[in-house]
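Everything on this sheet refers to the single structure shown next.
Nothing in this text is a laboratory measurement; each read-out follows from the coordinates by a stated rule. Quick caveat, the model's predicted, so the values are computed rather than measured. Methodologically, a virtual Cβ is constructed for each residue, glycine included, from the backbone with ideal geometry; neighbour enumeration extends over all protein chains shown.
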Amino acid sequence: MSEPIVLKYKVTDGEFQHVGEASSSVKKELRALGVSPDALRRISVAMYEGEVNMVIHANGGTITVEITPQQVKMILDDVGPGIPDLEKAMQAGWSTAPDEIRNLGFGAGMGLPNMKANTDTMEIDTRVGEGTRITMTVNL
Amino acid sequence: MTQRDVAKLLNARFLEASEDYDREAVNFCGADMMSEALAFSHENTTLLTGLCNQQVIRTAEMLDVHAIIFVRGKQPTPEMLEMAKEKDIVVMSTCETMYNACGKIYHATHKGE
Ligand SMILES: Nc1ncnc2c1ncn2[C@@H]1O[C@H](COP(=O)(O)OP(=O)(O)OP(=O)(O)O)[C@@H](O)[C@H]1O
Ligand SMILES: [Mg+2]
């Protein structure tokens, strides 16, 4: 079997305007590889929500995408504050985002549950004060 | 209903982006919060929003949104329009409020039900 295609992105905590560039780039690559529109949309939504979270909650991080003919795996790593109460964070509507983030259109507390809904598997490994790693897969 | 019909209904102006105005408007979603749009919109969506920043275009790109309608006369920046054009997204602006715009579209798409 052929080796997986691996894409790596650095997500910087810069201008909010640029958030989503990694997700956009992955979408383009996957479309070129012939991934179905439905899977493409689910991968894009999940990854974009994760990318936004990295910027608004964790000062950026790195995203690694591994592509095989069977599956797309997304690994989102940050060295942010971690998530103290994961059960709460997974609830729709629960958010610690400040008003200035809400004014930008985020902070509804929908991201994590939506990432789970759009992927086939999602694992969160988070440590307070150390960071968060979210691994998601979508079957092709 | 095509995007042209939608524009007429809302007295909206097409802005300089995709010119695919005869594309059928299938589903609609009204949201000011992008993570709500990301969670609740279906395929082939036309997105109505009062939010006006670059992330609206990004969100639309991720969702494969066909068209964006900015309500309350919001005017996107040239950068936003450039990105929308690149992603083949139709963009229009209406002076209607979110409530009125959604109401008019709902009425037009649910006739005879
Ligand atoms: N990478 C992360 N690092 C630290 N905390 C996080 C991270 N991702 C999420 N969180 C925490 O989990 C909460 C819920 O995240 P979720 O993405 O569901 O909602 P949100 O980002 O607050 O709002 P939305 O996603 O609707 O814009 C966040 O408010 C934040 O407290
Ligand atoms: Mg979020």
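Report the extension gain between B:Asn100 and B:Arg4 in nm, rounded to one decimal, defined as 0.36 nm multiplied by the number of residues separating them, less their alpha carbon distance. Each step should come with its number before you reach the end.
Numbers: separation 96, 0.36 × 96 = 34.56 nm, distance 1.81 nm.
Gain on stretching B:Asn100 to B:Arg4: 32.7 nm.
Got a sec? Charge dipole of the protein assembly as shown, +1 on Cβ for Lys and Arg, -1 for Asp and Glu; which of B:Gly50, B:His66, B:Ala108 is way out at the positive end?
B:Ala108
Looking at the P(r) of the protein assembly as shown, how many percent of alpha-carbon pairs lie beyond 26 Å? Walk me through the intermediate numbers first.
Working: 12645 of 31878 pairs.
Looking at the protein assembly as shown, the distances longer than 26 Å represent 40 percent of pairs.
Among A:Ile124, A:Leu112, A:Leu7, whose Cα sits farthest toward the positive end of the charge dipole of segment A:5-139 (+1 at Cβ of Lys/Arg, -1 at Cβ of Asp/Glu, about the Cα centre)?
Toward the positive end, the furthest listed residue is A:Leu7.
I'd like the Kirkwood hydrodynamic radius of segment A:11-128, using the inverse of the mean 1/r over distinct C-alpha pairs, in Å.
Working: mean 1/r = 0.0676 Å⁻¹.
Kirkwood hydrodynamic radius for segment A:11-128: 14.8 Å.
For A:Lys8, which aspartates and glutamates qualify as cross-link partners when the Cα separation must be under 16 Å and same-chain residues fewer than eight apart are set aside?
A:Glu21, A:Glu29, A:Glu51, A:Glu66, A:Asp77, A:Asp78
Treat chain B as a sphere of radius equal to its Kirkwood radius over Cα pairs and apply Stokes-Einstein at 4 °C in a medium of 1.567 mPa s; give the translational diffusion coefficient in µm²/s, rounded to a whole number.
Details: Rh = 13.5 Å.
Using the Kirkwood radius from Cα pairs, D works out to 96 µm²/s.
Of the listed pairs A:Lys116/B:Lys8; A:Lys116/B:Lys104; A:Lys28/B:Lys111; A:Lys73/B:Lys104; B:Lys8/B:Lys87; A:Lys28/A:Lys88, which have alpha-carbon separations greater than 32 Å here? All intermediate terms of the calculation are to be shown ahead of the outcome.
Details: A:Lys116/B:Lys8 39 Å; A:Lys116/B:Lys104 34 Å; A:Lys28/B:Lys111 39 Å; A:Lys73/B:Lys104 42 Å; B:Lys8/B:Lys87 24 Å; A:Lys28/A:Lys88 34 Å.
The answer is A:Lys116/B:Lys8; A:Lys116/B:Lys104; A:Lys28/B:Lys111; A:Lys73/B:Lys104; A:Lys28/A:Lys88.
Taking a quarter of the surface of the Cα convex hull of segment A:38-107, what do you get in nm²? Could the numbers behind the result be given before it?
Values: hull surface 22.8 nm².
Directional mean of the projected Cα hull area for segment A:38-107 stands at 5.7 nm².
I'd like the Karplus ³J(HN,Hα) series for segment A:16-24: coefficients 6.51, -1.76, 1.60, θ = phi - 60°, whole numbers in Hz, and an x wherever there's a Gly or Pro.
Calculated HN-Hα couplings, in order: 4, 3, 8, 4, x, 5, 5, 4, 5 Hz.
Given a 10 angstrom Cα cut-off, can you work out which residue in A:Asp120, A:Asp85, A:Asp77 is the most mobile in a GNM of chain A?
A:Asp85
Using a 10 angstrom Cβ neighbour count of at most 13 plus a DSSP loop assignment to flag exposed GluC sites (Glu not before Pro), which longest range of chain A is free of such sites?
A:16-129
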